[in-house]
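The values are calculated or read from the model by the stated rules, or taken from the named source; none is laboratory data. Values in this document were obtained by computation on a predicted structure and should not be read as measured data. Note: ideal-geometry Cβ built from the backbone for every residue, glycine included; neighbour counts use all protein chains shown. Heads up: the accessible areas ignore ligands, DNA and RNA and are worked out on the full protein's heavy atoms, side chains in. Shrake-Rupley method; radii C 1.70, N 1.55, O 1.52, S 1.80 Å.
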Amino acid sequence: MAYRVTLIPGDGIGPEVTRAMTTVLEATGVDLEWIRVEAGVEVIEKYGTPLPPQVLESIRETRVAIKGPIGTPVGTGFRSVNVAIRKELDLYANLRPAKSLPGIKSPFQDIDLVVVRENTEDLYAGIEFERGTPEAAHAREEMMRLSGKFIREGSAIGIKPISEFGSRRIVKFAFEYARQNGRKKVTAVHKANIMKFTDGLFLQVAREVAQEYPDIEFEDRIVDNMCMQLMQKPQLYDVLVLTNLYGDIISDLCAGMIGGLGVAPGANIGDGIAVFEAIHGSAPKYAGQNKVNPSALILSGAMMLRYLGEREAAARVEAAVQSVIAEGKYVTYDLAQGEPVGTQEMAEAIAARVQEMAPPQDPIPIES
Ligand code: NAD
């Protein structure tokens, strides 16, 4: 029976990389039925919202989706569709592996990190009060009264909620992931020296959860030190678990270390439900040019195949991406040493390699 997968092409470069991804996944022979739904800037006129209700309905029904990037229109009052999908479906874990691929030029070699980012809380909760509004004035007064601290007049105010529940489930997710994927160490990243109650709670819970996993090493790092450590000694680290904002920033840093956003896959996972997407955004300046690298979404597709239990097909896709990149002949502008090929041409080269490969090859697994 076919796997029913919700497919959201997105906007900007989304439709191009989505087409490239389906080309490759279909070459595996795994029976996939795409349930195509529209979301993003381009559907606002048609539906009055960038996230029409049928999108969430479809994902709730199929339990698995893969999406192209979706831009967040600035100044329209619409909040990010990507954040809304994660929040509405309670996809609390954002999994972002960063692994060096042979053939990609980078000052960093042999990177093998997994970033586990909390997806539902923190400064991403969207609780903000705009400067000059009665709500901001009221929030300011209340905050000053409750905290005894002064807040400058005319301030905008944002709230950073971190719960014990949210911290516990993301740290547990990181440890379970480490255990299931043969990883040795989990590092909790925070700024608890300054944010004693919010990051402090996250760290306290992380220490408690670590006690339940004596087989996995645990340590913590302050986020600014973590950035420096990653530049100097990335090989010391394995699985990193972070609250939402630090996770977003550190995962882009890790993506940069393995050669950029064009090759960095990701997944948003909840209990029995998952949405796969590349880390990169909709890069509107490249939209419609058949130019950008499709590897990130193709590798996200491999993570999805593994999530569906199709481990051999997932390994073949990863091996094919690695092989095409290492060969360097059919790669996009961001990786090309000579003449680049287009998005779809790179995807077709990968798809052909998937078909040629006698399963299973010996890939560098990008776990999910
Ligand atoms: P971006 O990731 O879209 O692009 C930044 C730059 O990275 C591009 O200009 C390009 O040089 C490079 N890049 C990105 N994807 C690439 C690829 N596949 N191949 C080669 N190079 C690639 O980031 P941005 O410009 O900050 O954001 C553009 C829009 O995307 C914004 O509206 C933002 O809100 C949205 N966004 C969406 C998601 C998502 O859908 N999950 C994630 C991040 C940003």
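Quick notes on this structure:
- Three-way shape label, segment 1-91, alpha-carbon gyration tensor, a/c 1.5: prolate
- Flagged links, alpha-carbon separation over 24 Å, of LYS67/LYS105; LYS105/LYS191; LYS99/LYS329; LYS160/LYS196: LYS67/LYS105; LYS105/LYS191
- Separation in nanometres of the label points that stand 7 Å from Cα toward Cβ, at TYR286 and GLN235: 3.1 nm
- With 0.36 nm allotted per residue and the present C-alpha distance subtracted, the GLU219-GLN204 stretch has 4.2 nm of extension available.
- Selected from ASP248, ASP112, ASP224 as most flexible by GNM, with the chain as the system and alpha-carbon contacts under 10 Å: ASP224
- Residue ranges 329-338, 299-308 sort as 299-308, 329-338 when ordered by packing (mean number of other C-beta atoms within 10 Å per residue, highest first).
- Cut-off 12 Å between beta-carbons: net charge of the residues surrounding LYS291, Lys and Arg +1, Asp and Glu -1: -2
- The simple spin-label model puts a point 7 Å past each Cα toward its Cβ; for SER163 and LYS105 those points are separated by 4.8 nm.
- Order by protection proxy (mean Cβ within 10 Å, highest first), peptides 87-95, 151-159: 87-95, 151-159
- Label-reachable residues, segment 169-202, where backbone N falls under 19 Å from a point 7 Å from GLN211's Cα toward its Cβ: 169-176, 186-188, 200-202
- GLU356-ILE35 pseudo-label distance in nm [points 7 Å out on the Cα-to-Cβ vector]: 3.7 nm
- Charge sum, other residues only, whose C-beta stays under 14 Å from ARG140's C-beta, Lys/Arg counted +1 and Asp/Glu -1: -2
- If R0 is 35 Å, the Cβ-Cβ spacing of ARG152 and GLU45 corresponds to a FRET efficiency of close to 0.30.
- The Cα center of segment 208-265 and the Cα center of segment 306-339 differ in position by 24 Å.
- Cβ-Cβ FRET estimate between HIS138 and MET228, R0 fixed at 51 Å, reported to 0.05: 0.80
- The chain: calculated mean residue ellipticity at 222 nm from DSSP helix runs of at least 4, using -39500 (n - 2.57): -12500 deg cm²/dmol
- Span from the segment 140-157 Cα centroid across to the segment 96-111 one, whole angstrom: 45 Å
- Taking Cβ atoms as reference points and 11 Å as the exclusive limit, the residues near GLY14 contribute a net charge of -3, counting Lys and Arg as +1 and Asp and Glu as -1.
- Most to least accessible of CYS227, CYS254 (protein chains only, probe 1.4 Å): CYS227, CYS254
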